[in-house]
Amino acid sequence: MSVSGITGNDGGQSPAKTQLTADINAFLKLMVAQVRNQDPTKPMDSTQWVAQLAQFSTVEQQVQSNGKLGDVLTELKSTSERIDLSYIGRKVEVEGDEVGLKDGVLAARYTVPKGAASVGVHIVDADGAVVRSFSSSSTAGTYDLSWDGKNSDGVKLADGTYTVVVDAKDEAGKAVAGTSVTYDATVTRVRRADGETKFDLSTGVSVARDAILSAA
């Protein structure tokens, strides 16, 4: 079982923390220079010392706070990655109209919203062509969809990703919003792609984290 793209923190300082550290060093050098070059007959006012020391303390606390915040963010990222990896091998419920045909079987569920007078369910291939259509009850609720991978002419199509379109219309022929498609699958791999975490499923489909509704 292969997992790739999940990386940890490289341990380097952030640009903001590096800049703050440089600011502290510059501040200390300035204070030393002021002491060395002050007029002995007119020594620096103690109130100025207090004010400058207060500034130094504020900057130092900011550096420390940023460091702690960085540690927290690193820990949160690590925890998130561990949670993602824990999905491997688990059965999940996924929401999305792109469903995989695997070994000649496509199984899903779809919802019919209230207000629908007619409902059609269409299977669309990667080229945008409708390869199979089914009629459905217009009563609001959730229904099972099972497709054997054959088109309207009875020809068996190749496994792959197909789009399930639920076309619900009211009595006036206008589209009714609120349809959805869900299906069950097993997570086989977790990886990084295009800057986000992807979950590869047993159906051959890859989804983002927010598409997973639940896991068993």
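Every number here is computed from the coordinates shown, using simple stated rules; none is lab data. All values derive from a computational prediction rather than experimental measurement. All Cβ positions, glycine included, derive from the backbone under ideal geometry; neighbour counts span all protein chains shown.
Here are the numbers:
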quantity: Segment ASP194-ALA54, extension gain: residue separation times 0.36 nm, minus the distance between their alpha carbons; calculated: 45.8 nm
quantity: Computed label-point distance, nm, for sites SER86 and THR111 using a 7 Å Cα→Cβ extension; calculated: 2.7 nm
quantity: Cα-based shape type of region 91-215, given that a ≥ b ≥ c are square roots of the gyration tensor eigenvalues and the cut on a/c is 1.5; calculated: oblate
quantity: Label-point separation, ASP210 to ASP184 (7 Å along Cα→Cβ), nm; calculated: 2.7 nm
quantity: Sorted peptide list for 180-190, 108-118, criterion being average Cβ within 10 angstrom, highest first; calculated: 180-190, 108-118
quantity: Spin-label pair SER118/ALA177, simplified geometry with 7 Å Cα→Cβ offset, distance in nm; calculated: 2.3 nm
quantity: Cross-link table LYS114/LYS174; LYS91/LYS198; LYS114/LYS169; LYS91/LYS156, entries beyond 18 Å C-alpha to C-alpha; calculated: LYS91/LYS156
